[in-house]
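Enquirer: Provided herewith is a single structure, encoded as structure tokens, for subsequent inquiry.
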Amino acid sequence: MGFESSNGTASAKPLKFLIYGRTGWIGGLLGKLCQSQGIDFTYGSGRLENRPSLEADIATVNPTHVFNAAGVTGRPNVDWCESHKVETIRTNVVGTLSLADVCREKGLILINYATGCIFEYDSSHPLGSGIGFKEEDTPNFIGSFYSKTKAMVEDLLKNYENVCTLRVRMPISSDLANPRNFITKITRYEKVVNIPNSMTILDELLPISIEMAKRNLTGIYNFTNPGVVSHNEILEMYRDYIDPNFTWKNFTLEEQAKVIVAPRSNNELETAKLKQEFPELLPIKESLVRYVFKPNQKTAAA
């Protein structure tokens, strides 16, 4: 689906991005990507839940596209949202909708980094079957309040023809020192579950999101690499490429449930729609090797 942006095609006017989420992981990486590509960008100073401040940002910056990488995920994890529900709603629902609405009013496309953690394996999409959830499927996971707010806002954003919703999952980057990196998280856990999941390699996919803006794409996209990878498969790669002495312990979902407040989403997302637009997109395990483990390799051979 395309939206007739007030700025026309990317070639008609030099790109200028307005980015929300300066202090966040994805927002920070986006800024660095824009710098490396020579794209003019500004970080929004307004608060998402404060509509006049968003209108002021757009009037000052006069962007061609707006990116939303702001949101509440909780610190140290999504369990925080269970005890801070109003704060979570304020940013993830009210704030995101305000930004989408202001952008629509101004004829601007909004690239919204959302989540794919709104599904869980079920009888129609069994674990290991290779049958992934599609963009048009109704979310079936509301186990955590975080996921519940994200599913709500995604449903409402379907009505905004100017929004491109990117369902990110378990994001990974080549920065293995970053505590937000899924690999960094699981290498530091005392015990990990071992379940195949769709995941997002940011080094490969964030540049694609910039290209999506240039193409004025809108609608929902499962924003993960094709296929699935399990916790153990990632940790085996980590051992083979980074630390040959690395060891880990597994535990079951039932055991995990005793040490977390809210259940976690496990799923496979169908990526045919994204792959049709970007045929060069690598399968998850190939992307992990090329973008994450090879650049960080410390072992002699893997």
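Enquirer: Checking residue 175 against (1) free of Cβ contacts under 8 Å to residues at least 24 places away in the same chain; (2) over 22 Å from residue 19 (Cβ atoms), which test does it fail?
Expert: (2)
Enquirer: Restricting to the range 188-215, what's the tally of residues that are open to solvent by 10 Å² or more (accessible area, probe 1.4 Å), under 26 Å from residue 32 (Cβ atoms) and outside any helix (DSSP H, G or I)?
Expert: Residues flagged as open to solvent by 10 Å² or more (accessible area, probe 1.4 Å), under 26 Å from residue 32 (Cβ atoms) and outside any helix (DSSP H, G or I) within the range 188-215 amount to 1.
Enquirer: Say we look at the range 265-302 and pick out the residues that are charged (D, E, K, R) and over 30 Å from residue 145 (Cα atoms); which of these is surrounded by the fewest Cβ atoms within 10 Å (Cβ to Cβ)?
Expert: 280
Enquirer: Moving to a separate point now. Could you grab me the full set of residues in the range 133-186 that are hydrophobic (A, V, I, L, M, F, W, C), buried (at least 16 other Cβ atoms within 10 Å of the Cβ) and more than 25 Å from residue 64 (Cβ to Cβ)?
Expert: The answer is 133, 141, 142, 145, 151, 152, 170, 172, 176, 182, 183, 186.
Enquirer: Filter the range 100-123 for residues that are part of a helix (DSSP H, G or I) and of a type in the set (A, V, I, L, M, F, W, C) and give the result.
Expert: Correct list: 100, 102, 103.
Enquirer: Limited to the range 59-90, what total is found for residues that are modelled with pLDDT of 95 or more and crowded, with 20+ Cβ neighbours inside 10 Å?
Expert: Within the range 59-90, residues that are modelled with pLDDT of 95 or more and crowded, with 20+ Cβ neighbours inside 10 Å number 7.
Enquirer: Just one of the numbered conditions (1) within 22 Å of the chain's Cα centre (by Cα); (2) surrounded by fewer than 16 Cβ atoms within 10 Å (Cβ to Cβ); (3) in contact (Cβ under 8 Å) with a residue 12 or more places away in the chain is not true of residue 41; which one?
Expert: Here residue 41 meets the rest and fails (2).
Enquirer: Still on this model: For residue 202, all conditions in the list (1) over 14 Å from the mean Cα position of the chain (by Cα); (2) touching a residue at least 12 places away in the same chain (Cβ under 8 Å) hold save one; what is the number of the exception?
Expert: Single failed check for residue 202: (1).
Enquirer: Still on this structure, I have one more. Please specify each residue of the range 105-121 satisfying the condition of being buried (at least 23 other Cβ atoms within 10 Å of the Cβ) and of a type in the set (Ser, Thr, Tyr).
Expert: 113, 115
Enquirer: When residues of the range 91-111 are filtered for being in contact with an Asp or Glu (Cβ under 9 Å, 6 or more places away or on another chain), closer than 16 Å to residue 49 by Cβ and modelled with pLDDT of 95 or more, how many remain?
Expert: 4
Enquirer: Can you tell which of 156, 176, 166 is in a strand (DSSP E or B) and at pLDDT 95 or above?
Expert: 166
Enquirer: For the range 236-250, state whether one or more residues are under 20 Å from the mean Cα position of the chain (by Cα) and open to solvent by 30 Å² or more (accessible area, probe 1.4 Å).
Expert: No: the range 236-250 contains no residue that is under 20 Å from the mean Cα position of the chain (by Cα) and open to solvent by 30 Å² or more (accessible area, probe 1.4 Å).
Enquirer: Regarding the range 216-224, can at least one residue be identified that is open to solvent by less than 50 Å² (accessible area, probe 1.4 Å), touching a Leu at 6+ places or on another chain (Cβ under 7 Å), part of a helix (DSSP H, G or I) and not hydroxyl-bearing (Ser, Thr, Tyr)?
Expert: no
Enquirer: State whether the residues of the range 17-28 include one that is aromatic (Phe, Trp, Tyr), surrounded by fewer than 19 Cβ atoms within 10 Å (Cβ to Cβ), modelled with pLDDT of 90 or more and within 18 Å of the chain's Cα centre (by Cα).
Expert: Yes.
The values are calculated or read from the model by the stated rules, or taken from the named source; none is laboratory data. Remember, it's a predicted structure, so these values are computed and weren't measured experimentally. Positions of Cβ are backbone-derived with ideal geometry, glycine not excepted, and every protein chain shown enters the neighbour counts. Note: areas computed on protein heavy atoms with side chains; ligands, DNA, RNA excluded. Shrake-Rupley method; radii C 1.70, N 1.55, O 1.52, S 1.80 Å.
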